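The values are calculated or read from the model by the stated rules, or taken from the named source; none is laboratory data. Bear in mind the structure is a predicted one, so any value in this text is a computation, not a measurement. All Cβ positions, even for glycine, are placed from backbone atoms using ideal geometry, and neighbour counts span all protein chains on display. Keep in mind that these areas ignore ligands, DNA and RNA; they rest on the heavy atoms of the full protein, side chains included. Shrake-Rupley method; radii C 1.70, N 1.55, O 1.52, S 1.80 Å.
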Amino acid sequence: MRHLMSPLDFTTQELDRLFDLANDIEHNKARYAHACDGKILATCFYEPSTRTRLSFESAMTRLGGSVIGFSDAGSSSASKGESVSDTIRVISCYADICAMRHPKEGAPMVAMEHSLIPVINAGDGGHQHPTQTLTDLLTIRSLKGSLSGFTIGLCGDLKFGRTVHSLIHALVRYEDIHFVFISPEELKVPDYITEMLKAREITYEEVTSLEDVMPRLDLLYMTRVQKERFFNEEDYIRLKDFYILDKAKMALAGPNMLVLHPLPRVNEISVEVDSDPRAAYFQQAQYGVYVRMALILTLLELA
C-alpha cells in the first residue's frame with residue numbers, strides 16, 4: 001500500500017507515468033468514467049478549502065466512485081477531542097482512500113502511520129501541499145512541453161507559502177532550472193531552501209522588484225499573502241498589496257511567459273489579466289482534477 005505525503009514520494013520516472021496517465025484522462029474521459037465504480041474516497045478536511053476539496057471530489061466522481069467526509073474540524077469528532085490516529089482508523093472502515101487537509105504540520109503523516117487505506121496529504125499547515133505541486137508540474141509540462149530548461153519567478157509570500165516550498169523541492173530534480181525569488185524582506189524564502197539550492201549548485205536570485213525581472217521569466221508563479229499564517233493583522237495589512245500583477249507589468253513579459261497561481265486569488269492578480277492568453281491559472285485548476293484522477297487510480301492500483 002502506498003501513500004502521498006510529499007511530491008518527492010514519487011521518482012521523476014513515476015511522475016512521468018502519472019502525468020502521462022493524467023494527459024490520457026484529459027483526452028479520453030469516457031474511458032475512465034467507471035474506473036472507480038464501487039470505490040469510496042473520504043475527504044477529511046480539518047481546515048477550510050474550496051479548490052482542493054472540490055477537486056478531489058470531482059476527480060473521484062468523474063472516475064465513477066463515491067465521496068464521503070467533512071469540510072471542517074467543527075463538523076467532525078475532532079471537535080469532541082478525537083485524535084487524528086483514531087479518526088483514520090475509523091475512516092479506514094468506511095472508505096478505500098483518504099485525502100486529508102490539516103492545519104498542523106505532520107498530521108497526515110500521523111494518519112498514514114495508522115491507516116489501513118492510502119492517505120493523500122491535501123495540505124498540512126505551512127509545510128507541504130503535494131497535490132498542488134503535482135498540478136503545477138503537470139500544467140508546466142503540458143503547456144511548456146518540458147519540466148527542464150526554464151527560468152521561473154516565484155512571487156509574493158515565499159516564507160509561509162507551502163505551495164512554493166513544495167514546488168521548489170520538486171523542480172530541483174529537473175535540469176537547467178533557474179529560480180527568481182520575488183518578495184519583500186519579511187516574506188523571503190526560508191534559509192533552509194536557499195541552503196539546499198546552494199548545496200545542489202542550482203542558481204537562484206532574490207529580488208524585491210517584479211518589474212525588473214519580468215522580461216527574463218518563462219514562468220511566473222504568483223501567490224497570495226496568506227492572512228491565516230500571520231500572527232498579527234498589522235503585518236498582513238502592510239504586506240498584502242505589495243505585489244499586484246496588472247496589464248502594465250504583463251506588457252514587460254515575453255510573449256510565451258505563463259502566469260500560474262495556486263488560487264484562491266485575492267487581489268495579487270488584477271482581473272484584467274484574466275483575458276491575457278498567458279494567464280494559465282484557470283487551466284491549472286482543470287489540470288488539478290486530471291492529476292488527482294490519475295493519483296487516485298495509481299494509489300488504488302487501478303491503472
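Here are the numbers for the structure shown:
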quantity: Contact order relative to length of the chain, as percent, for alpha carbon pairs under 8 angstrom and 6 or more apart; calculated: 20 percent
quantity: Debye, to nearest 20: dipole size of the chain, +1 on Lys, Arg Cβ, -1 on Asp, Glu Cβ; calculated: 680 debye
quantity: Cβ-based net charge around residue 218, under 12 Å, with every Lys or Arg adding one and every Asp or Glu removing one; calculated: +2
quantity: Relative packing of 291-300, 30-39, which averages over residues the other C-beta atoms within 10 Å, highest first; calculated: 291-300, 30-39
quantity: Cβ-defined net charge surrounding residue 254, 11 Å radius [Lys, Arg +1; Asp, Glu -1]; calculated: +1
quantity: Evaluated at q = 0.10, 0.20 Å⁻¹: base-10 log I(q)/I(0), Debye formula over Cα of segment 1-102; calculated: -0.33, -1.16
quantity: Filter on 39/144; 104/198; 104/159 - keep pairs with C-alpha separation over 23 Å; calculated: 39/144; 104/198
quantity: Additional length obtainable on full extension of the chain from residue 9 to residue 301, 0.36 nm per residue less Cα span; calculated: 103.5 nm
quantity: Counting all C-alpha pairs of segment 140-226, share separated by more than 16 Å (%); calculated: 49 percent
quantity: Computed [θ] at 222 nm, helices only, for the chain once each DSSP H run of length n ≥ 4 contributes -39500 (n - 2.57); calculated: -11500 deg cm²/dmol
quantity: Taking the convex hull of Cα positions in segment 78-184, its mean projected area over all directions (nm²); calculated: 8.4 nm²
quantity: Within the accessible area of the chain (1.4 Å probe), percent carbon and sulfur; calculated: 50 percent
quantity: Debye intensity ratio in log₁₀ form over the Cα atoms of the chain, taken at each q of 0.07, 0.16 Å⁻¹; calculated: -0.26, -1.35
quantity: Chain lengthening between residue 208 and residue 282 when straightened (0.36 nm per residue, less Cα-Cα); calculated: 24.0 nm
